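Heads up, the thing below is written out as structure tokens.
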Amino acid sequence: MDRLPPELLSLILESVDSPTYSDKERQTDLTSFSLVSRSLRGPAQGLLFARPTIRNAGRAFLLLRTLEHTDSHELASAVRAFSFTTATTQDNAHPGITTSILALTTPSSLTLGSRLFDATHGDAVEDLRATLRARSDVQAFSFGFHQPTNVHGRIYEFLLAWPGLKSLALSAFDLQLAYPALSRPIPPPPTYNLVELTLVDVYIKPLPPLSLSWFLGGTTTSLRSLTLHGVTFNDEEDSAQTDLLFPILPSHLLHITHLSLHNLTWLEPSAYSSPCRIAQILPLCPALRSLSLADKVYDRLVLGAGLDDFPLPATMQELEVVGRTLFWKVGLSAVVERDQGALRRVVLVGPTANMLGVKEVAEVCARKGVGFKTRFAP
């Protein structure tokens with residue numbers, strides 16, 4: 001193994017570090033490679049510690065002990081992304097250990113769960129908050145809310161301290177609970193310009209204290225990727241704000257290349273009469289390359305109007321349709337038939353290859369030279 005060219009060793013390790021691997025598979029295989037030979041040890045450990053994923057305090061303590069070792073400075077400097085989320089209530093999160101790990105490393109990407117900020121941890125939580133506020137170099141932040149917990153995270157104070165943030169992901173989150181007291185003055189929005197925004201199972205209202213507009217900060221034309229899955233919009237107080245995906249404005253969509261809309265829900269008064277249509281959104285996305293739609297989005301946004309009512313953006317390269325019958329509702333065969341040559345790939349998630357109508361889509365794709373694939377829904 002020691003005689004293999006460095007280039008070949010690098011290719012082997014890169015295959016293990018692929019996004020197609022789960023975190024567990026990746027960590028297991030890279031650990032094994034680091035024990036094979038001296039020539040693999042350094043590169044494998046560098047990849048292994050580049051983005052450690054921790055799910056309980058025990059694992060976090062082991063990582064801290066390794067990083068504190070006198071010979072582990074190179075490992076600490078290798079950490080580019082750090083993730084500490086707890087999967088169950090039995091998996092304890094420890095803010096003190098997290099603070100110590102962050103003191104030794106400089107990751108630009110952070111994934112944290114709300115249990116790290118539970119008030120039962122006392123002063124350790126405030127120390128962690130202070131450490132995070134001091135990390136002005138954070139470029140990507142993902143936050144998940146997990147019950148039971150005594151706080152919702154108060155993540156607004158971190159976002160204000162990260163002017164270079166490019167990617168923000170929130171899951172299982174109520175934006176209204178991110179700010180602790182209505183009596184406090186609402187701070188000005190962050191100054192960052194997001195490139196990627198992901199909201200999963202998020203509850204949004206357009207009113208203070210903190211609406212989605214606040215979390216977008218200074219973002220205008222910098223946004224390239226927008227993912228909204230399981231998002232609930234509550235516009236009961238002012239239905240006029242829902243002409244589009246409030247407060248996603250035309251300027252936000254101008255340079256979007258990836259758009260994914262799944263299972264969106266609106267809570268609006270019965271008098272609401274200005275539905276948000278896909279036909280309104282796509283013309284505002286002239287740079288769009290990848291679009292993913294799911295059933296509940298179609299039912300609410302399109303209201304019976306198929307995609308054949310208008311052309312897809314000329315830049316569209318990949319179209320994913322999620323749901324057993326959605327491809328039929330949107331008239332997918334006609335959409336592909338009218339494509340001007342940019343479309344490269346169509347993916348149906350849910351229907352099987354032998355379902356009625358799927359064969360027709362496959363035949364049109366084959367005739368147009370468009371890749372076609374079906375896969376089971378997760």
Notebook entry, point to check: What residue, among those in the stretch 83-111 that are modelled with pLDDT of 90 or more and over 25 Å from the mean Cα position of the chain (by Cα), is surrounded by the fewest Cβ atoms within 10 Å (Cβ to Cβ)?
Noted result: Ala103
Item checked: Matching residues, the stretch 288-324, being in a loop (DSSP other than H, G, I, E, B), modelled with pLDDT under 85 and under 23 Å from Glu363 (Cβ atoms) -> Gly306, Pro311, Leu312
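Condition check ((1) touching a Ser or Thr at 6+ places or on another chain (Cβ under 6 Å); (2) over 22 Å from Leu165 (Cβ atoms)) across all residues:
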| residue | (1), (2) |
| --- | --- |
| Ser32 | no, yes |
| Pro43 | no, yes |
| Leu47 | no, yes |
| Pro52 | no, no |
| Gly58 | no, yes |
| Val79 | yes, no |
| Ile97 | no, yes |
| Thr120 | no, yes |
| Ser142 | yes, no |
Check: Which of the following residues is open to solvent by 80 Å² or more (accessible area, probe 1.4 Å), closer than 22 Å to Ser10 by Cβ, without any contact (Cβ under 8 Å) to a residue 12 or more places away in the chain and among the charged types (D, E, K, R): Arg41, Arg80, Arg65, Arg59?
Finding: Arg41
Check: Quick one: how many residues across the stretch 16-38 are exposed (fewer than 12 other Cβ atoms within 10 Å of the Cβ) and more than 23 Å from the chain's Cα centre (by Cα)?
Finding: 2
Note to self: Taking the criterion of being part of a loop (DSSP other than H, G, I, E, B) and either modelled with pLDDT of 85 or more or touching an Asp or Glu at 6+ places or on another chain (Cβ under 8 Å) (or both), would at least one residue in the stretch 59-74 satisfy it?
What the structure shows: no
Checklist line | Every pair of residues 6+ apart whose Cβ atoms lie under 8 Å, when the first sits in the stretch 366-378 and is touching a residue at least 24 places away in the same chain (Cβ under 8 Å) and over 27 Å from His262 (Cα atoms) while the second is of a type outside the set (Asp, Glu) and part of a helix (DSSP H, G or I) | finding: Lys368/Val336
Notebook entry, point to check: Among the residues of the stretch 11-38, how many are closer than 17 Å to Glu74 by Cβ and either part of a loop (DSSP other than H, G, I, E, B) or in contact (Cβ under 8 Å) with a residue 24 or more places away in the chain (or both)?
Noted result: 2
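So which of Leu253, Leu245 is buried (at least 21 other Cβ atoms within 10 Å of the Cβ), under 23 Å from the mean Cα position of the chain (by Cα) and modelled with pLDDT of 85 or more?
The conditions single out Leu253.
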Margin query: Residues that are touching an Asp or Glu at 6+ places or on another chain (Cβ under 8 Å) and assigned to a loop (DSSP other than H, G, I, E, B): does the stretch 99-111 have at least one?
Written below: yes
Item checked: Answer residue from the stretch 68-77, given it is free of Cβ contacts under 8 Å to residues at least 24 places away in the same chain and of a type outside the set (Asp, Glu) and is most open to solvent (accessible area, probe 1.4 Å) among those -> His73
Check: Of all residues in the stretch 112-139 being surrounded by fewer than 20 Cβ atoms within 10 Å (Cβ to Cβ) and either of a type in the set (Val, Ile, Thr) or in contact with a strand residue (DSSP E or B) (Cβ under 9 Å, 6 or more places away or on another chain) (or both), which is modelled with the lowest pLDDT?
Finding: Thr120
Margin query: Among the residues that make up the stretch 223-242, is at least one of them at pLDDT 60 or above, open to solvent by 40 Å² or more (accessible area, probe 1.4 Å) and more than 19 Å from the chain's Cα centre (by Cα)?
Written below: no
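The values are calculated or read from the model by the stated rules, or taken from the named source; none is laboratory data. On a predicted model such as this, the values are computed, not experimentally measured, just so you know. Note that we place each Cβ from the backbone using ideal geometry, even for glycine, and neighbour counts take in every protein chain shown. Ligands, DNA and RNA are excluded from the accessible area calculation, which covers all protein heavy atoms including side chains. Shrake-Rupley method; radii C 1.70, N 1.55, O 1.52, S 1.80 Å.
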